[in-house]
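The values are calculated or read from the model by the stated rules, or taken from the named source; none is laboratory data. Owing to the predicted nature of the structure, the values given are computational and were not obtained by experimental measurement. A quick note on method: Cβ atoms are made from the backbone with ideal geometry, for glycine too, and the neighbour counts reach across all protein chains shown. Just so you know, the surface numbers come from the protein's heavy atoms only, side chains and all, with ligands and any DNA or RNA stripped out. Shrake-Rupley method; radii C 1.70, N 1.55, O 1.52, S 1.80 Å.
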Amino acid sequence: MSTKLEIDRDTLSKIHRHAEADYPNECCGFFFGIENENRQIQLVWEVENSKEGDQRRRFQVDPKDYQKAEKYADDHGLTLLGVYHSHPDHPATPSEHDREVAMPWFSYIIISVQDGEVVDTTSWRLNKERQFDEEKIEITEYSTQKSKTRV
């Protein structure tokens, strides 16, 4: 398992703006990049929260969006590193539902949005026991990211 997740300040700001814009609902999106001793995020995609019903407590990624993301990664020599989503008025820690639907090879960035403003951002990976371990986030100043808003 990689030791940390690297993200530049501009890319993290894009994720934060998405989380604040979708408040009080959960936002969601993908992030792509390269993986060596660490995971380096180079691209972020916002996706529509396709959850039927109350989007304030759950998000769902449409399977078609996931297929588009996998194809994009393959076509552009990138790795689909993970999924981000927000927790409106809740901590940036994974819920039991998050754990149940998580895939072990992904990183999961969770953004806590309190009263419409981001207050915390964490990242998590599943371990062999299907429990979450926190993954260190390193914020860099350089910008390698590309931008894509909606898939």
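Note on the chain: with charges restricted to the Cβ of Lys and Arg (+1) and Asp and Glu (-1), its dipole about the Cα centre is near 320 debye.
Considering only protein heavy atoms, what per residue accessible area in square angstrom results for the chain with a 1.4 angstrom probe? Numbers along the way, then the final one.
Numbers: 7800 Å² over 151 residues.
Accessible area per residue, the chain: 52 Å².
Between the listed residues GLY53, PRO104, TYR72, the Cα displaced farthest toward the positive end of the dipole of the chain, a dipole computed from Cβ unit charges relative to the Cα centre, is found at TYR72. Of all the options SER123, SER95, SER112, the one that moves most in a Gaussian network model of the chain with Cα springs shorter than 10 angstrom is SER95.
How high is the FRET efficiency from GLN67 to TRP105, r the C-beta distance, R0 25 Å, rounded to 0.05?
On the way: r = 16 Å, r/R0 = 0.66.
Efficiency computed from Cβ-Cβ geometry: 0.90.
Each label was represented as a point 7 Å from its Cα along the Cα-to-Cβ direction; for ASN36 and ASP115 these points are 4.4 nm apart. Note that the stretch 1-90 carries a Kirkwood radius of 13.7 Å, evaluated over its alpha carbons pair by pair. For the chain, DSSP calls about 60 percent of its internal beta bridges antiparallel. Near the amide H of ARG56, within less than 5 Å, lie the amide hydrogens of GLU26, all on another chain or at least 5 residues away, with H placed in the peptide plane. Put a plus charge on the Cβ of each Lys and Arg, a minus charge on the Cβ of each Asp and Glu, and nothing anywhere else: the dipole of the stretch 44-95 about its Cα centre is then about 160 debye. Between ARG57 and GLU129, the modelled label-to-label distance comes to 2.8 nm, taking each label 7 Å out from Cα in the direction of the beta carbon. In order along the stretch 57-68, the phi-based Karplus estimate (6.51 cos²θ - 1.76 cosθ + 1.60, θ = phi - 60°) of 3J(HN,Hα) comes to 10, 8, 10, 9, 9, 4, x, 5, 5, 5, 4, 4 Hz; Gly and Pro are listed as x.
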